[in-house]
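One structure is given below, encoded as structure tokens.
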Amino acid sequence: MNRAEKTQLIEQLVDRIQRAEGIYVADFTGMTVLEEWELRRAFRKAKVEYRVVKNTLLRIALERVGGHEGLLPYLNGQTAVAFGYEDPVAPARVIKEYVQQNPKLRLKAASLGGDVFDGSQLEVLASMKSRQELIGDIVGLLLSPMHQVLGALTAPGSTLVGALRALSEREAA
């Protein structure tokens, strides 16, 4: 790979890092081509970009962007990186599911919003809610008090209507 190709690859990595909500660094040592292909397919299905990269080029790109310095100590050995753009925890879910079938894949570390998580925290990362789920929870929490207020306001009225109906039925009898 010549200097121009390396520069172009670094620029592509910088762009991906800037757009990514979550960056996952994994070790794929010992995986066969077929296993790697299956993993790539799972990532594509989850709308996650997955690349095998040289540690030096990824290190340069991370340093240029800044904010992900915590990943630098994990850049050794064979390294693949997964970028979660829409859902920062989607790569963790794919990795967790894949590791259950093929333990050769190992999460080294992940960076979400500048916070670095060690690979041992894969379970925690995979169990986190997506952005859409969190927004749904917040909307539900905001609407819940309104429903309670509405119920409290309409309850006396419905009780009053029931009492008036009972009185009118007594008078009619």
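Derivation of every value follows stated rules applied to the coordinates shown; laboratory data play no part. All values derive from a computational prediction rather than experimental measurement. Note that each Cβ is placed from the backbone with ideal geometry, even for glycine, and that neighbours are counted across all protein chains shown.
Summary of values
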item: Dipole in debye (nearest 20) - segment 3-128, about Cα centre, beta carbon charges: Lys, Arg +1; Asp, Glu -1; result: 340
item: Set of lysines near Lys6 by C-alpha distance (under 29 Å), chain-local residues within fewer than 8 positions excluded; result: Lys45, Lys47, Lys54, Lys104, Lys108
item: Backbone N within segment 1-30 under 17 Å of label point (7 Å from Arg40 Cα along the Cβ vector); result: 26-30
item: Global form of segment 20-87, assessed from the alpha-carbon gyration tensor, a/c cut-off 1.5; result: oblate
